Amino acid sequence: MLTKTLTISAYARYRRERGLPGGAKSSVHAALLAGRISRSCPSHPRRCPAECRCGKIDPHRADLAWQRWTNPAMVRTGGAR
Ligand SMILES: [Zn+2]
């Protein structure tokens, strides 16, 4: 199975089309800067540094990472009460 990697704007559109949060280019960019999701390219198969201009987003990996960050059930484990 071949996973198509997406640019920041294409990934934002992909999330918008599915009704997911982060459907704006700025949200995706912020998530990248925060390290919530990552990009890769042939020179950086695992993770591109911020200055890499050819990095693409793997939508499946990014969706999982995003879910982990935004799922309230995960965030609230071991909460204040
Ligand atoms: Zn790269």
Q) Hey, what number do you get for the chain at 222 nm if only DSSP H runs of n ≥ 4 count, each worth -39500 (n - 2.57), divided across all residues, to the nearest 500? A) -12000 deg cm²/dmol
(Q) In Å, what Kirkwood hydrodynamic radius results for segment 8-71 from the alpha-carbon pair distances? (A) 11.7
Q: Could you tally the net charge around residue 44, taking each other residue with its Cβ under 13 Å from the Cβ of residue 44, Lys/Arg +1 and Asp/Glu -1?
A: +3
Q | Least to most buried among 17, 51 (fewest other Cβ within 10 Å first) | A | 51, 17
(Q) Quick check: pseudo-label points 7 Å beyond the Cα along Cα→Cβ at residue 52 and residue 16, how many nm apart are they? (A) 2.6
Q. Residue 26 to residue 41: extension gain in nm, 0.36 nm per residue of separation minus the Cα-Cα distance?
A. 3.3 nm
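A short reminder: the numbers here are calculations on the coordinates, not readings from a lab. What you see is a predicted model; the values in this text were computed from it and never measured. All Cβ positions, glycine included, derive from the backbone under ideal geometry; neighbour counts span all protein chains shown.
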